[in-house]
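Trainee: Next up is a structure, given as structure tokens.
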Amino acid sequence: MQPTLKKSKQRDAIVAFLMTRKDHPTADTIYMNIKKEFPNISLGTVYRNLALLSERGEILKLTYDQGADRYDATVDPHYHFICRECGEVIDLEMDSLDEEVTAMANVKFKGKVEQSVIYFKGICEKCLKKKLDKKTLK
């Protein structure tokens, strides 16, 4: 059990902001929006609160090979799609594969796999449409 945190209006505002978003904003985006309510907040404070919230499991920190970390208020198991064209991160509506993937990983692994992180990558619908439109214009 984690120790109780001292109440923080700034931390609460960060969580409230994330709950209104489905685009998985970066720390910079969160900072620019929280700064409207808390003009004296520093980027470092936002980063510290995001790290604390993600360590406590209250938000998800999405780290992948391209771009800045993204944050998500939906902590229930779900998958993300990352567009290789525009970098957008989109929630995928699909059944969880965690139990099956973890069981498969544990078959030949001498340790104990407890969790998996799966990102799907490709081209999002908007970027695919742009590509198809460009081909049609030629």
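Trainee: Specify the inter-centroid distance of segment 64-79 and segment 1-63, based on alpha-carbon positions, in whole Å.
Mentor: 14
Trainee: Okay, moving on. Quick one: P(r) of the chain from all Cα-Cα pairs, 5 Å bins, percents rounded to integers, in order of increasing distance.
Mentor: Reading upward from the zero bin: 2, 8, 16, 16, 16, 14, 12, 8, 5, 2, 1, 0, 0.
Trainee: Answer rounded, prolate or oblate for segment 76-138, using the Cα gyration tensor with square roots of eigenvalues a ≥ b ≥ c: rounded when a/c is under 1.5, else prolate when a/b is larger than b/c, else oblate.
Mentor: Prolate, since a/c reaches 1.5 and a/b exceeds b/c.
Trainee: Which shape class, rounded, prolate or oblate, goes with segment 11-83 when its Cα gyration tensor gives a ≥ b ≥ c as root eigenvalues, a/c under 1.5 marks rounded, and past that a/b bigger than b/c marks prolate?
Mentor: It is prolate, given that a/c is not under 1.5 and a/b is the larger ratio.
Trainee: Computed FRET efficiency, Cβ-Cβ of residue 76 and residue 125, R0 25 Å: what is it to the nearest 0.05?
Mentor: In this case the efficiency is close to 0.60.
Trainee: Nearest 0.05, what FRET efficiency do residue 51 and residue 100 give at R0 = 25 Å with Cβ-Cβ as r?
Mentor: 0.20
Trainee: Scan segment 48-92 for trypsin sites (Lys or Arg not before Pro) in coil per DSSP, keeping those whose Cβ has at most 15 other Cβ atoms within 10 Å, and list them by number.
Mentor: The qualifying sites are 56, 84.
Trainee: Can you give me the distance in nm between label points at residue 35 and residue 93, each placed 7 Å from the Cα along the Cα-to-Cβ direction?
Mentor: Distance between label points: 3.6 nm.
Trainee: Shifting gears a bit: With the chain treated as a Gaussian network of Cα nodes joined by springs under 10 Å, which of 94, 19, 32 yields the largest mean-square fluctuation?
Mentor: Judging by the Gaussian network model, the answer is 94.
Trainee: Name the residue, out of 105, 73, 16, whose mean-square fluctuation peaks in a Gaussian network model built on the chain with Cα pairs under 10 Å.
Mentor: 105
Trainee: Let me ask something else about it. I need the calculated FRET efficiency for the pair residue 19 and residue 118, taking r as the beta carbon distance and R₀ as 22 Å, to the nearest 0.05.
Mentor: Here the calculated transfer efficiency is 0.40.
Trainee: Another question, then. If you build a Gaussian network model of the chain, linking Cα atoms that sit under 10 Å apart, which residue out of 106, 33, 49 swings the most?
Mentor: Of the options given, 106 has the highest mean-square fluctuation.
Read-outs throughout are calculated quantities, based only on the coordinates presented, and are distinct from any laboratory measurement. Source: prediction; values computed, not measured. Counting neighbours? That spans all protein chains shown, and the Cβs are built from the backbone with ideal geometry, glycine included.
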